[in-house]
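Shown next, in structure tokens, is the structure this report addresses.
The values are calculated or read from the model by the stated rules, or taken from the named source; none is laboratory data. Note that the coordinates shown come from a computational prediction; the quantities given were computed from them, not determined experimentally. Cβ placement follows ideal geometry from the backbone for every residue including glycine, while neighbour counts extend to all protein chains displayed. When the accessible area is computed, the model is the full protein with side chains, heavy atoms only, and any ligands, DNA or RNA have been set aside. Shrake-Rupley method; radii C 1.70, N 1.55, O 1.52, S 1.80 Å.
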Amino acid sequence: MSSIVIRNLSDQLVELVRERILSGLVPADQPIRQDALAAELGVSKIPLREALTRLEQEGLLRSQANRGFFVRALTATEAEEVYALRLKLEPEAVALAAERANEQERKVAVDSLAKLDVVTDQHSVDVGAFNRAFHLAIIHPCGLTLTANFLERLHVLSQRYVKKHLEPLGRDERANEEHRRLLEAWLARDGRKVAELTAKHISQTLDDLRRQLAAER
């Protein structure tokens, strides 16, 4: 029983700290104050350190000897790699999911976009998380477990870039219109159109990010 409790605590910590990183609450390139964070979360440093190690394996953190853990900064190089991998895997997976999704999975996809619309209108800091939830909802029914799991990891890495991408005024409205067209094709089980719209959505996001990140260099 104790091992189950420890594992659940570790999983919870990973999720809590991950969402803080993805929402921008933990700044990049500054050491994470483990004592303060452990006290704030009400845990000891040992499970927190384990969670930070797992987040380093996910690619969100980096560690330095005798200095601890740091949130990795956004870079054009990483954006290129993450979005290139999504372009290779995601269009086909989403198209296959459109063909295979059952009624419950289709309802989850519809509900996910509805929630994303709400938080977008509210200009919520949670837009990135709901954006990820929508994309995963239209991926997971593909039935390709390894591909879906890998894409889930890529969407975790994408989330901070999505937040950056949505900074310019009106960009969130354009993104959600693209999502609506994509979901319409997905619900119609039009695999060819789904793959085409998915690839276009990812490519346009990357093009925008290239310009934004280049302007900040």
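How big is the charge dipole of the chain about its Cα centre, in debye rounded to the nearest 20, if each Lys and Arg gets +1 on its Cβ and each Asp and Glu gets -1 on its Cβ?
Here the size comes out at about 420 debye.
First compute the accessible area of the chain with a 1.4 Å probe, then give the percent of it belonging to carbon and sulfur atoms.
53 percent
Residues of the chain: accessible area per residue at 1.4 Å, in Å²?
With all protein chains present, the chain gives 54 Å² per residue.
Using 0.36 nm per residue of separation minus the Cα-Cα distance, give me the extension gain between residue 44 and residue 65 in nm, one decimal.
5.5 nm
To the nearest 0.05, what FRET efficiency results for residue 12 and residue 190 with a Förster distance of 41 Å applied to their C-beta separation?
0.55
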